[in-house]
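**Q** This structure is in structure tokens; I'll ask about it shortly.
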Amino acid sequence: MYFSRLTKQSTESFSEQIDKLQNAIESADAVVIGAGAGLSAAAGYTYTGERFERLFGDFAAKYGFTDMYAGGFYPYKTFEEYWAFWSRYIACNRFDPIPKPVYEQLLELMRGRDYFVLTTNVDHCFQRAGFDKHRLFYTQGDYGLFQCSRPCCQKTWDNKESVLAMVNQQDNMRIPSELVPHCPHCGSHATMNLRSDDTFVEDEGWHVAANRYRDFLHRHKGMRTLFLEFGVGGNTPGIIKYPFWQMTAENHYATYACVNLGEAVAPIEIERQSILIDASADEVIGALRAKRANR
């Protein structure tokens, strides 16, 4: 379906929008959560400012970058420097405790609901917060997995032990050479299982999760489905946002809800089926929890 232009809802109060979203959640036969970077940002995963200075101040002073993202693209001269940065990056964004309980609070709202999660986030927060792993599809990878850089095969492996060893044993922003990770199958250098080019490995677990997601959508086709989007921007709209719009347009029983500070929009064609809330995910989740508590 071709969508002509976008619309923003601005006539309703925040409280009225929360009421509509609460009713949509409670009346839905199924809830499909689409989660982007904005949800993790609401959970405290900031990549600049105080958190960056506290965790990477030494790297900033030596290499001159001012945020974690820039550090990830810096042209380090050696693998020892590269993995000193990336091991610390993975540890704080994948294995350290989640800074704020936003994911746990969202799980509370889904208790007793038939839900599935589609996310482009790679921090594994949903599973760490207690979401059923059989209801999750991480499309873009996982900081907690390594893969072959070539790649020689479609396999990944857990990296927690290796990453924490690199963090604990690094000195002057370098890791010992013997800790540089390699593929156990061919000996090539290892890399993160993150989708950035055509070398991304879609392993068996990825395909199992993809099939579960397709099955969930098929089983609820034509039913009262809420496509609930949190913090999805414009970087990869073809994964969550555009399919959510399309599936809403094809099902007049469906509702599309977009929670995104500064970017809450929908096509005019599904305006009557849309709930657009220009606010952060933690603000909206907090308001939903308050509404539920005061009933």
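The values are calculated or read from the model by the stated rules, or taken from the named source; none is laboratory data. Quick caveat: nothing in here was measured; it's all calculated off a predicted structure. Note that we place each Cβ from the backbone using ideal geometry, even for glycine, and neighbour counts take in every protein chain shown.
**Q** Restricted to segment 115-149, and to residues that are of a type in the set (Gly, Ala, Ser) and assigned to a loop (DSSP other than H, G, I, E, B), which residue is surrounded by the fewest Cβ atoms within 10 Å (Cβ to Cβ)?
**A** If we take residues in segment 115-149 being of a type in the set (Gly, Ala, Ser) and assigned to a loop (DSSP other than H, G, I, E, B), then Gly130 is surrounded by the fewest Cβ atoms within 10 Å (Cβ to Cβ).
**Q** Next up: Of the residues in segment 102-143, how many are free of Cβ contacts under 8 Å to residues at least 12 places away in the same chain and not small (Gly, Ala, Ser)? Before you say what the answer is, go through the steps one by one.
**A** From segment 102-143, those free of Cβ contacts under 8 Å to residues at least 12 places away in the same chain are 111-112, 127, 132-133; that's our starting set.
Narrowing the set further to residues that are not small (Gly, Ala, Ser) leaves 111, 127, 132-133.
So the answer is 4.
**Q** Report yes if Arg292 is at pLDDT below 95 and closer than 20 Å to Asp29 by Cα, otherwise no.
**A** When the stated conditions are applied, Arg292 passes them.
**Q** Inside segment 150-163, can you point out the residues that are assigned to a strand (DSSP E or B) and either aromatic (Phe, Trp, Tyr) or in contact (Cβ under 8 Å) with a residue 40 or more places away in the chain (or both)? Outline the logic, then answer.
**A** Residues of segment 150-163 that are assigned to a strand (DSSP E or B), as a first pass: 156-158.
Residues satisfying the conditions are Thr156, Trp157.
**Q** Can you list the helices (runs of 4 or more DSSP H) found entirely within segment 180-295 that contain at least 2 residues being out of contact with any helix residue (DSSP H, G or I) (no Cβ under 9 Å at 6 or more places or on another chain)?
**A** 204-219, 241-250
**Q** If you scan segment 136-176, which residues turn out to be among the acidic types (Asp, Glu) and more than 26 Å from the chain's Cα centre (by Cα)?
**A** Once the filter is applied, which keeps residues that are among the acidic types (Asp, Glu) and more than 26 Å from the chain's Cα centre (by Cα), segment 136-176 yields only Asp171.
**Q** Right, next: Answer yes or no as to whether Ala287 is in contact with a Leu (Cβ under 8 Å, 6 or more places away or on another chain), crowded, with 17+ Cβ neighbours inside 10 Å and assigned by TED's automatic domain parsing to the domain that holds Glu104.
**A** no
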